[in-house]
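Chemist: This is the structure I have questions about; it appears just below.
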Amino acid sequence: MLRLLFLLLLASPASATGKLLIVGGGLDPGNRAIHRAFIDAALPGGDIVIVPSASANPAATGFITSLVRHGVPPERIILAHVAEVDDPDTRATDESRWKKGATDPAEIAKLANAGAIWFSGGDQLRTLRLLTDAGTDTPFLAAVRARHLAGAVIGGSSAGAAIMSRAMILRGESLGALLKRPSTNAMEAAREGEALVMGRGLGFLTTGLVDQHFSQRARLGRLARALMTLPAAERLGYGIDEDSALLIDGTAATVLGSGSVTLLDARRAQFAPAGGISGLGLAIASRGDRIDLASATLTPAPGRTPRPMGTAFTPADSGGIAAAPRPLADILVQDLLTNPGTGSLSRRSFLNEDSLRFRFTRLPGAVALASPDGAFSLSGLRLDILRETAPAPRR
């Protein structure tokens, strides 16, 4: 085993580090842009290795079928036997027997010619348990890193996206994350329900923190609070919608897919005296936009034009940001960025006797761009999340 790892590392020049494809979950099997981005980023002639470590149904993941649909020969795809939960749909195979795959020389050998490696969705904690041992890489994970250094692309969706950054969000919802004490105990989340639980990721992405299913599960508050657990210089967050992705090459990232990626910059943010977080930078990108991960700047895709200003009005001080009644981008464009009647807007969300006010402010130079196909680019926004006491209900 040690000799195999030595050979893998020997063939891994640091200058040829492969790309990352981070998908926010809910990937449409027909999404050609994302599937082809993964396939085209693979090393020519290399195997595509599927790692089902996070999933409860690894052999039936469907991603293999999607790859074949998008042009990959089946013989080029290899399923690594690294999992801890049995798939009830595969009666002939007990995947729970794959728990030791990360130290099995036969499984590690499957990575020897890997040109692309894909991590499935499911529960990111399972991947952490299987591929690390008391914070140390297993031989399988060490081999994955070696192939990435050799130029292989690493991709993942949902839980496979969460593991990409050095820190990792394990559990939590926006309101609970902002109103309850964060934890590092994954079991605590089941007892407290909504509290933020942080853990250690695998660190393929060395800058920032990833959150997935972002708009669909209203995770803006969760990501904001999670960023505040990190050192100030590392507080860049990427909230990736379902059926959407970031394709990362060095410090350059391109947005792909049908949804958007929310860029949250908390490097200068502060905890508010009364609770909450102030001074967050906010931008939202969609397909074709590029993000410089080093400077946290957004470059709109070609062909985007400014959205025209509408009629001035006073936005209602309504609720719902933490419950996602409308897409955040729609709220920002219609109620703030194209509304000459206001420079800020607020939305409130409630949990028992507490409430949180999400206040969005249009900064000088803020832009709202769009293209005929419905894609958009929003930048130049500030977000403050303020904790308040909800008024007592009338009797």
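Since every read-out is calculated from the coordinates, none of them should be taken as a lab result. Keep in mind the model is a prediction, meaning the values are calculated, not measured. Backbone-built Cβ (ideal geometry, glycine too); neighbour counts: all protein chains shown.
Chemist: Which listed residue (LEU141, ALA269, LEU209) has the Cα farthest towards the positive end of the charge dipole for the stretch 2-299, taking +1 on Lys and Arg C-beta and -1 on Asp and Glu C-beta about the Cα centre?
Modeler: ALA269
Chemist: Please compute the modelled spin-label separation between THR389 and SER318, points set 7 Å along Cα→Cβ, answer in nm with one decimal.
Modeler: 2.9
Chemist: Give a residue-ordered list of calculated ³J(HN,Hα) values for the stretch 135-143 (Karplus: 6.51 cos²θ - 1.76 cosθ + 1.60, θ = phi - 60°; whole Hz; x for Gly, Pro).
Modeler: For the stretch 135-143, the Karplus-derived couplings read x, 9, 4, 6, x, 5, 5, 4, 5 Hz, x marking Gly and Pro.
Chemist: Hey, what number do you get for the chain at 222 nm if only DSSP H runs of n ≥ 4 count, each worth -39500 (n - 2.57), divided across all residues, to the nearest 500?
Modeler: -5000 deg cm²/dmol
Chemist: Further, regarding this structure: I want to check the label-to-label distance for THR132 and THR251. Put each point 7 Å from Cα in the C-beta direction and report it in nm to one decimal.
Modeler: 2.6
Chemist: Roughly what % of DSSP beta bridges within the stretch 2-299 run antiparallel, to the nearest 5?
Modeler: 60
Chemist: Let me ask another. What shape does the stretch 243-298 have by the C-alpha gyration tensor, where a ≥ b ≥ c are the square roots of the eigenvalues, rounded means a/c under 1.5, and otherwise prolate means a/b greater than b/c and oblate the rest?
Modeler: It is prolate, given that a/c is not under 1.5 and a/b is the larger ratio.
Chemist: Further, regarding this structure: Just want the answer: with Cβ charges of +1 for Lys and Arg and -1 for Asp and Glu, which residue in VAL68, VAL49, LEU230 is farthest toward the dipole's positive end in the chain?
Modeler: Selected residue: LEU230.
Chemist: Order these by the 10 Å Cβ neighbour count, fewest first: SER96, SER355.
Modeler: SER96, SER355
Chemist: If the only charges are +1 at each Lys and Arg Cβ and -1 at each Asp and Glu Cβ, what is the size of the charge dipole of the stretch 2-299 around the Cα centre, to the nearest 20 debye?
Modeler: 520
Chemist: Now for a different question. Once the Cα gyration tensor of the chain is diagonalised, what are the square roots of 5 times its eigenvalues, in whole Å and ordered largest first, as equivalent ellipsoid semi-axes?
Modeler: Its equivalent ellipsoid spans semi-axes of 38, 24, 18 Å.
Chemist: What are the residues whose amide H is under 5 Å from the amide H of GLY208, where those residues sit 5 or more places off or on another chain and H is modelled from the backbone?
Modeler: Under 5 Å from the amide H of GLY208: LEU236.
Chemist: Which residues' amide hydrogens lie under 5 Å from the amide hydrogen of ALA167, considering only partners 5 or more residues apart or on another chain, with H built in the peptide plane?
Modeler: GLY201
Chemist: Sticking with this structure for a sec: With each label point set 7 Å from Cα along the Cα-Cβ vector, what nm distance links HIS70 and SER278?
Modeler: With each label point 7 Å from Cα toward Cβ, the separation is 4.5 nm.
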